[in-house]
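The block underneath contains the structure these notes are about, expressed in structure tokens.
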Amino acid sequence: MRINVVGICGSRIVGGNCEAVMQKALSFFGKQKDVSTELISLAEEEIAECKHCNWCLRKQTKNKFCAISDGMDDIYPKLLVADILLLATPVHFGRLSGHLASAIDRLRVFVHGNVYGRAMKNKLGGAIAVAHIRGAGVETTLLSLQAAFHVLGMITVGSPGGYHLG
């Protein structure tokens, strides 16, 4: 059985710290037999905010996930075949980046969509937060990412050693 791991880096910095941490996480999976990995960087992607227009509830089709057409068009099919989704973000004012937040909001197509609703259910989700200083809000950032996994019906993966928030 082949396991597909998709990592989405929500930083606007190409090749920055957040992307380096995601590459390290994916390299662990890449060493495993029958595991494929893919890094999706949002650094140069244009991702519009979700309008909550409910188009996906009524008009979603097999080939069109969302009314908005942008960088998410290529990401949605990759998430459908993913078994594990890793989300990495820099910490901005104690929360995830706005760019990644917009992408996550657009994942409501996998919650409420009339074709793809519940498509992420029971897949594994792992959260990664990168901060430059201690106490910058890593915990609250991880909680935001984990909340997204829960809304999507995914299984949240934590860290060994008693770090309950990732």
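Each DSSP beta bridge with both residues in the chain is either parallel or antiparallel, and the antiparallel ones are about 10%.
Any chance you could give the angle, 0 to 90 degrees and rounded to 10, that helix 17-30 forms with the longest Cα principal axis of the chain? It is inclined by approximately 80 degrees. For a straight C-alpha distance cut-off of 19 angstrom, the aspartates and glutamates reachable from residue 64 (same-chain residues fewer than eight places away being disregarded) are 45, 46, 49, 73, 74, 105. Which of the three applies to segment 8-70, rounded, prolate or oblate, going by the alpha-carbon gyration tensor with a ≥ b ≥ c and a/c under 1.5 meaning rounded? In terms of gyration-tensor shape, oblate. The residue among 42, 155, 13 whose Cα reaches farthest toward the positive pole of the charge dipole of the chain, with charges on the beta-carbon of Lys, Arg, Asp and Glu, is 155.
Taking Cβ atoms as reference points and 15 Å as the exclusive limit, the residues near residue 27 contribute a net charge of +1, counting Lys and Arg as +1 and Asp and Glu as -1.
Run the paramagnetic zone check for residue 1: 7 angstrom along Cα to Cβ, then residues of segment 34-68 with backbone nitrogen under 16 Å. Residues passing the 16 Å test: 34-36.
Along the axis of the charge dipole computed for segment 91-150 (Cβ charges of +1 for Lys and Arg, -1 for Asp and Glu, origin at the Cα centre), the listed residues 142, 122, 98 are led at the positive end by 122. If you take the square roots of the eigenvalues of the alpha-carbon gyration tensor of the chain and sort them as a ≥ b ≥ c, do you get rounded (a/c under 1.5), prolate (a/b over b/c) or oblate? It is prolate, given that a/c is not under 1.5 and a/b is the larger ratio. For residue 14, the solvent-accessible surface with a 1.4 Å probe is about 90 Å², rounded to the nearest 10. Accessible surface ranking for 132, 92, 1.4 angstrom probe, highest first: 132, 92. Counting only DSSP beta bridges with both residues in segment 74-155, the antiparallel share comes to about 10 percent. Distant-in-sequence amide contacts of residue 155, defined by a placed amide H-H separation under 5 Å and a gap of 5 or more residues or a different chain, comprise 122, 123, 124, 125.
Heavy atoms of the protein chains alone define the surface here; on that basis segment 10-115 has 53 Å² accessible area per residue at 1.4 Å probe size.
The values are calculated or read from the model by the stated rules, or taken from the named source; none is laboratory data. These numbers come from a predicted model, not from an experiment. Heads up, the Cβs are rebuilt from the backbone with ideal geometry, glycines too, and the neighbour counts pull from every protein chain shown. Ligands, DNA and RNA are excluded from the accessible area calculation, which covers all protein heavy atoms including side chains. Shrake-Rupley method; radii C 1.70, N 1.55, O 1.52, S 1.80 Å.
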